[in-house]
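In what follows, a single structure is set out as structure tokens and then discussed.
What follows is calculated from the coordinates using simple rules that are stated; it is not laboratory data. The structure displayed is predicted, hence computed values, not measured ones. Please note: Cβ atoms are built from the backbone with ideal geometry, for glycine as well, and neighbour counts cover all protein chains shown.
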Amino acid sequence: MIEWRWKQFTELTSEELYKILQIRQQVFIIEQQCIYPDIDDLDYDAWHLLGFSPEKELTAYLRVVAPGKKYQEPSIGRVLTHVNKRGGGLGRQLMEVGIQRTKQQFPQQGIRISAQTYLENFYRRLGFESIGEPYLEDDIPHIEMYCST
């Protein structure tokens with residue numbers, strides 16, 4: 001059973017922030033070999049969804065950036081699951097909780113994401129539609145996607 005924590009940046013404990021930065025570094029910089037800055041000013045105004053295992057290990061994470069900060073709509077990004085927890089539906093569960101919390105926090109607004117293209121069908125099954133053409137972000141193919149309310 002995953003324990004979900006939904007917090008603004010200022011509510012994060014130093015231990016939670018450390019675990020977030022640690023797993024983001026592991027997934028985005030080391031695993032995906034994306035040698036670009038992960039930490040940006042968007043974290044300050046974002047909501048952070050943390051998924052902890054019964055052993056208190058951070059196993060899933062995403063952040064929700066408020067409307068007007070990155071896109072006109074709220075956006076979900078930095079979506080990840082721990083490498084040892086993949087393939088069992090945790091990513092879907094993470095996104096379902098994230099979408100639900102985003103709609104509660106920002107009612108009557110759609111949600112925008114910048115998805116890695118290999119995950120396009122995954123996000124379609126969650127209600128997102130592709131908009132525009134694929135593009136490179138940090139040398140990784142992405143596509144913008146949108147989910148209406």
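Per-structure values
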quantity	calculated
Karplus-derived 3J(HN,Hα), 6.51/-1.76/1.60, for each residue of segment 73-82, Hz, glycine and proline x	8, x, 10, 9, x, 6, 6, 7, 10, 4
Cα gyration tensor category, rounded, prolate or oblate, for the chain with a/c compared to 1.5	rounded
Ranking of 47, 4 by count of other Cβ atoms within 10 Å, fewest first	4, 47
Estimated vicinal HN-Hα couplings, Hz - segment 112-118 in sequence order (Karplus 6.51, -1.76, 1.60; Gly, Pro = x)	10, 9, 10, 9, 5, 4, 5
Alpha carbon centroid spacing (whole Å) that separates segment 54-114 from segment 129-149	16
Packing-based ranking, highest mean first, of 88-98, 115-125 given that Cβ atoms within 10 Å are counted	88-98, 115-125
Pair residue 124, residue 55: separation of 7 Å Cα→Cβ label points (nm)	3.6
